[in-house]
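Participant: Sharing a structure below in structure tokens format, with a few things to ask.
Rule-based calculations on the coordinates, nothing more; no lab input. This structure is a prediction, so every number in the text was calculated from the model and none was measured. Note: ideal-geometry Cβ built from the backbone for every residue, glycine included; neighbour counts use all protein chains shown.
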Amino acid sequence: MTILYNTLKKYVKETLPLFQGIQGKQNAQRIGKQAEISAKCYLEQQGLVLISENYSCKLGEIDLIMDDADQVVFIEVKYRKSASYGSSIEMVNPRKQKKIILTARHYLHQHHLTETISSRFDIIGIVPNQPIQWLKNAFYSE
């Protein structure tokens, strides 16, 4: 457990400068993109394999789609500059979950995977100076 904690601590320390100095609404996309890059690197270190980034259709967007032991994982990445008003994971409300689920169904249908593959929905929460939060099976499709 100590080795994992130290690895995460080092990872956050290395990626933190990428978030510093980014302020204002015009940089929100840049912050989000950097958070997605950090999440992707973190998940790849955990053994997941990238399938797609920023998949979008008329129903919505999914930040990352990855493979985890033959399971398609749809991942929402949330960045918050402070945890003072709740965690970044809490920002994925039921409305956002529904959009992600509908977009995931579209992805599976487009790739002819609806009947043949297992999938799940994860959330990655990123807050500077804190370890990355990874919530597996964060919500479920109806």
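Participant: With the requirement that a residue be without any contact (Cβ under 8 Å) to a residue 12 or more places away in the chain and in a loop (DSSP other than H, G, I, E, B), what does the range 107-130 give you?
Facilitator: H111, H112, T114, E115, T116
Participant: Next question. Going residue by residue through the range 70-93, is there one that turns out to be surrounded by fewer than 19 Cβ atoms within 10 Å (Cβ to Cβ) and in a strand (DSSP E or B)?
Facilitator: The answer is yes, given that some residue of the range 70-93 is surrounded by fewer than 19 Cβ atoms within 10 Å (Cβ to Cβ) and in a strand (DSSP E or B).
Participant: Since A104 meets every condition but one in (1) surrounded by fewer than 13 Cβ atoms within 10 Å (Cβ to Cβ); (2) part of a helix (DSSP H, G or I), which condition does it not meet?
Facilitator: (1)
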